[in-house]
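Colleague: First, the structure itself, so that you have it in front of you.
Just so you know, all these numbers are worked out from the coordinates, no wet-lab data involved. Quick caveat: nothing in here was measured; it's all calculated off a predicted structure. Counting neighbours? That spans all protein chains shown, and the Cβs are built from the backbone with ideal geometry, glycine included.
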Amino acid sequence: MESLEKVVENIKSVKIQGAKEIAIYALKFLRDFCKKNGFKLKFEVAAMILEQARPTAVVLHNCIEVLKKKRSLKTIDMLLKRLDDATEKIAKTGSKLIKNNYIIMTHCHSGEAMSVIKRAWKSGKKISVIATQTEPLEQGIRTVKELAAAKIPVTLIADNAVNYFMKDVDMVLVGADALRKEGVVNKIGTSMLALSAKHHKKPFYVATNMLKLDRRKKFIIEERPANEIYRSINDVKIRNPAFDTTSWKLVMYVMTEKGAKRPEVILKMIK
């Protein structure tokens, strides 16, 4: 069993990335941790520390809130199954919105978005993908490698080439870290894709599970270490926000395990 400190380090360093993946990783740790320590004070402290590791992503927070109400290993197993089942259902829902010969643009790496693309490909649709590099940690490289391994045609582009290529795509598909009343919180640069898609009259879709509904009053956009962008420069301030918020006005549909939802439906669920 890994130590709490090691688990937190792996989450903070983005060795474990993606809101759903962070939640799964943390829940599996908590299952072993609670077998040994129970669900009292030590559990509450561990849960608080895990939540603080990546404060923007809401899935782990929502899972821990469920677990605090029903403190048992069975609840953890239920949450893990729910997350796995949701991805499969999202893939089924989302793939229906992808037509044959579609060119799809995506950003960063999203397990849910990838499941939709792979399901569409496996169903026989001839699709291709344009994926951003996703600076500064190049998380899009994981996406292109995964798509290439699945034999799905994929092109890697720089983040600042999004608008150049947007005219060629049929849809934009991204994941989400949180669904808030302000909009879709996702990897920094997502709003840039959404604005470009709006300009070029291309549909913008989000693939995500319902555990990402975020009703928290206190919300933090995580800022990561400056050295991810560049080594220090004298008299220069470097800022590195990890996420941005995309207005619901720019979103056509949210692909969920409960079907494709219009933004106004999601907003009603958040309130």
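Colleague: Find which of 110, 229, 213 sits farthest along the positive direction of the dipole of the range 92-270, computed with +1 on the beta-carbon of Lys and Arg, -1 on that of Asp and Glu, about the Cα centre.
Modeller: Ranked along the dipole, the leading option is 213.
Colleague: Dividing the Cα radius of gyration by the Kirkwood radius, what Rg/Rh value follows for the range 159-221? Each step should come with its number before you reach the end.
Modeller: Details: Rg = 12.9 Å, Rh = 12.7 Å.
Here the Rg-to-Rh quotient is 1.02.
Colleague: Next question. Among bridges DSSP assigns within the chain, what percent are antiparallel (round to 5)?
Modeller: Percentage antiparallel, nearest 5: 40.
Colleague: What are the extents of the Cα atoms of the range 4-88 along their three principal axes, listed from largest to smallest and rounded to whole Å?
Modeller: Extents along the principal axes: 31, 28, 18 Å.
Colleague: Now, a different point. Where does the charge balance sit around residue 175 when Lys and Arg score +1, Asp and Glu -1, over other residues with C-beta under 12 Å from its C-beta?
Modeller: With Lys, Arg at +1 and Asp, Glu at -1, the neighbours total 0.
Colleague: Using a basic spin-label model with each label point 7 Å from the Cα along Cα→Cβ, how many nm lie between residue 31 and residue 149?
Modeller: With each label placed 7 Å out from Cα toward Cβ, I get 2.2 nm.
Colleague: Nearest 20 debye, what's the magnitude of the dipole of the range 182-265 about its Cα centre given +1 on Lys and Arg Cβ and -1 on Asp and Glu Cβ?
Modeller: With Lys and Arg at +1 and Asp and Glu at -1, about 260 debye.
Colleague: Another one. Which of (i) 18.7, 65; (ii) 18.6, 55; (iii) 24.2, 77 is the computed Rg and Dmax of the Cα atoms in Å for the structure on display?
Modeller: Given (i) 18.7, 65; (ii) 18.6, 55; (iii) 24.2, 77, the calculated one carries the label (ii).
Colleague: List, in the order given, every pair from 35/68; 40/212; 181/271; 92/258; 20/89 whose Cα-Cα distance in the structure shown is over 19 Å. All intermediate terms of the calculation are to be shown ahead of the outcome.
Modeller: Working: 35/68 15 Å; 40/212 26 Å; 181/271 8 Å; 92/258 10 Å; 20/89 14 Å.
Over 19 Å apart, Cα to Cα: 40/212.
Colleague: In a shell of Cβ-Cβ distance under 13 Å around residue 47, excluding residue 47 itself, what net charge do Lys and Arg (+1) and Asp and Glu (-1) give?
Modeller: Overall, the nearby charge balance is +3.
Colleague: Label point 7 Å out from residue 103 along Cα-to-Cβ: which residues of the range 119-133 have amide N under 14 Å?
Modeller: Under 14 Å, as judged by backbone N against the label point of residue 103, lie 127-132 of the range 119-133.
Colleague: Rounded to the nearest 500, what is the 222 nm mean residue ellipticity of the chain from helices alone, with -39500 (n - 2.57) per DSSP H run of 4+ residues and division by all residues?
Modeller: Computed mean residue ellipticity for the chain: -13500 deg cm²/dmol.
Colleague: Now, a different point. Looking only at Cα atoms, what is the convex hull volume of the range 57-128 per residue, in Å³?
Modeller: 91
Colleague: Related question: By how many degrees, between 0 and 90 and to the nearest 10, does the Cα long axis of helix 190-199 differ from the longest principal axis of the chain?
Modeller: 30
Colleague: What number comes out for the charge environment of residue 226, summing +1 per Lys or Arg and -1 per Asp or Glu over other residues with Cβ under 10 Å away?
Modeller: +2
Colleague: Another question about this same structure. Tilt of helix 59-69 relative to the longest C-alpha principal axis of the chain, in degrees (0 to 90, nearest 10)?
Modeller: The helix 59-69 is inclined about 30 degrees to the chain.
Colleague: Return the tail of the calculated pair distribution for the range 169-271, meaning the percent of Cα-Cα pairs more than 24 Å apart.
Modeller: Numbers: 1572 of 5253 pairs.
Tail fraction, whole percent: 30.
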